[in-house]
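Participant: This is the structure, below, for whatever I ask next.
The values are calculated or read from the model by the stated rules, or taken from the named source; none is laboratory data. As the structure is a computational prediction, the values presented were derived from the model and not from experiment. Quick reminder, even Gly has a Cβ in these numbers, built from the backbone with ideal geometry, and neighbours come from all protein chains shown.
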């Protein structure tokens, strides 16, 4: 998904035909033709949504000066923010595989 997405943005920005050819060649083999809304482990939609919810909850806990328990562990707002940061860092390429996921077409 991410490779096709990246190629799409590169083609849009550069108009280089090699990116369009890449998309045409790989659309079937990379599963972009599937529209059954199945869960895929490489889909970043779920982790970004969960991260947003955790961050909002951390803000709520921080303003109310509370912590929550998860088993025997106290979960603080700081810990929730650290979890979110790790997830976002992973998506941005700080991970064992090191693929940076395109998030914008801006060069900055």
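Participant: Filtering the stretch 12-23 down to residues that are touching a helix residue (DSSP H, G or I) at 6+ places or on another chain (Cβ under 6 Å) and farther than 23 Å from residue 45 by Cα, which residue is surrounded by the fewest Cβ atoms within 10 Å (Cβ to Cβ)? Steps first, please.
Facilitator: Looking only at the stretch 12-23, we keep the residues that are touching a helix residue (DSSP H, G or I) at 6+ places or on another chain (Cβ under 6 Å), and these are 19-20, 22-23.
Applying the additional criterion that residues be farther than 23 Å from residue 45 by Cα yields 19-20, 22.
Values: 19: 19, 20: 15, 22: 18.
Top of the filtered list is 20.
Participant: Also, quick follow-up: Anything in the stretch 2-49 that is on the phi > 0 side of the Ramachandran plot and at pLDDT below 80? List them, or say none.
Facilitator: Step one: of the stretch 2-49, the residues on the phi > 0 side of the Ramachandran plot are 15, 31, 37.
Across the stretch 2-49, the qualifying residues are 31, 37.
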